[in-house]
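Notes to accompany the following structure.
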Amino acid sequence: MNNYKRHIFPSIFRKATRTAAALLLLCTGMPVPQANADEYWDRKASLFEILPVNGNDIIMLGNSITDGGEFGELFGIHNIKNRGISSDVITGVEKRLGPVTAGHPAKIFLLIGINDVSHGHSVAKLAERYERLVKKIREQSPATRLYLQSVMPINNDYRRYKGLFGKEKTVKDFNVKIKDIAGANEAEYIDLWPELAGHDGKLRKEYTNDGLHLNGAGYRAWTRAIEKYVRE
């Protein structure tokens, strides 16, 4: 067998095996692993390392919910910069905080924690990690105005994210802690629930198609919830 065949056949076999395994998981109703989450995080974090942040900037910092927003267009403000990474957690934001705080931005809007909730951490552990992140932001960029946004409501009627089943109370209790952390660290707490939650306490169905992430109407509602803080 020549070199071409020795290299190409194993590659084809590996791809076929992965495809067959994914089909088997789908047929049995099990979730397909997202092996590229770390690769995506690395790509986005390395991009943020080379993109400048300056003292006039407004930084949106968080996970996939932030990652999906076109905030410059939503607000009509050119100096809003998106620093969200899909699947990120509190410690992930802490790890990549340096390129943000080094520019001493005017404002940071932090929205993080729902993925940590899905990983089964206690409210005490969530609060511990969150406050450590907040303290680092305060230490590294003390003049930045820091806004801590409540973790958004979820809607498990979609039965999409098993790690969030039954975690509604955890989200609410964690938000109480975030509000306390804001008060203890010279930050502003923003409660997003009045804009996003229905009377049942769930993320409104007109704002989502999976019970967690926002659609266009959802991003518009989020914009309304924080607009006065963005523009003040």
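Conditions tested, residue by residue: (1) assigned to a strand (DSSP E or B); (2) modelled with pLDDT of 95 or more; (3) touching a Lys or Arg at 6+ places or on another chain (Cβ under 9 Å); (4) not β-branched (Val, Ile, Thr).
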site: GLY120; (1), (2), (3), (4): no, yes, yes, yes
site: ALA124; (1), (2), (3), (4): no, yes, yes, yes
site: GLU131; (1), (2), (3), (4): no, yes, yes, yes
site: ALA143; (1), (2), (3), (4): no, yes, no, yes
site: ARG160; (1), (2), (3), (4): no, yes, no, yes
site: LYS172; (1), (2), (3), (4): no, yes, no, yes
site: VAL176; (1), (2), (3), (4): no, yes, no, no
site: GLU186; (1), (2), (3), (4): no, yes, yes, yes
site: GLU195; (1), (2), (3), (4): no, yes, yes, yes
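Here is a yes/no grid of residues against (1) touching a Pro at 6+ places or on another chain (Cβ under 6 Å); (2) open to solvent by 10 Å² or more (accessible area, probe 1.4 Å); (3) within 24 Å of LEU97 (Cα to Cα):
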{"residue": "GLU139", "(1), (2), (3)": "no, yes, yes"}
{"residue": "ALA143", "(1), (2), (3)": "no, yes, yes"}
{"residue": "GLN149", "(1), (2), (3)": "no, no, yes"}
{"residue": "GLY163", "(1), (2), (3)": "no, yes, no"}
{"residue": "GLU195", "(1), (2), (3)": "no, yes, no"}
{"residue": "LEU212", "(1), (2), (3)": "no, yes, no"}
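Do we have any residue at all in segment 73-85 that's open to solvent by 10 Å² or more (accessible area, probe 1.4 Å), polar (S, T, N, Q) and either modelled with pLDDT under 95 or part of a loop (DSSP other than H, G, I, E, B) (or both)? Yes; the residues of segment 73-85 include at least one that is open to solvent by 10 Å² or more (accessible area, probe 1.4 Å), polar (S, T, N, Q) and either modelled with pLDDT under 95 or part of a loop (DSSP other than H, G, I, E, B) (or both).
One residue stands out in segment 34-49 among those that are free of Cβ contacts under 8 Å to residues at least 24 places away in the same chain, assigned to a helix (DSSP H, G or I) and not hydroxyl-bearing (Ser, Thr, Tyr): the one that is nearest to PRO105 (Cα to Cα), namely LEU47. With respect to the conditions (1) surrounded by fewer than 21 Cβ atoms within 10 Å (Cβ to Cβ); (2) touching a residue at least 24 places away in the same chain (Cβ under 8 Å); (3) among the aliphatic types (A, V, I, L, M), MET60 falls short on a single one, namely (1). Since TYR219 meets every condition but one in (1) in a loop (DSSP other than H, G, I, E, B); (2) in contact (Cβ under 8 Å) with a residue 40 or more places away in the chain, which condition does it not meet? Only one criterion is unmet by TYR219, namely (1).
Filter segment 165-177 for residues that are open to solvent by 10 Å² or more (accessible area, probe 1.4 Å) and of a type in the set (A, V, I, L, M, F, W, C); which is nearest to ILE59 (Cα to Cα)? Result: VAL176.
The values are calculated or read from the model by the stated rules, or taken from the named source; none is laboratory data. Since this is a predicted model, take the numbers as computed values, not measurements. All Cβ positions, even for glycine, are placed from backbone atoms using ideal geometry, and neighbour counts span all protein chains on display. Calculation scope for accessible area: heavy atoms of the full protein, side chains included, ligands and nucleic acids excluded. Shrake-Rupley method; radii C 1.70, N 1.55, O 1.52, S 1.80 Å.
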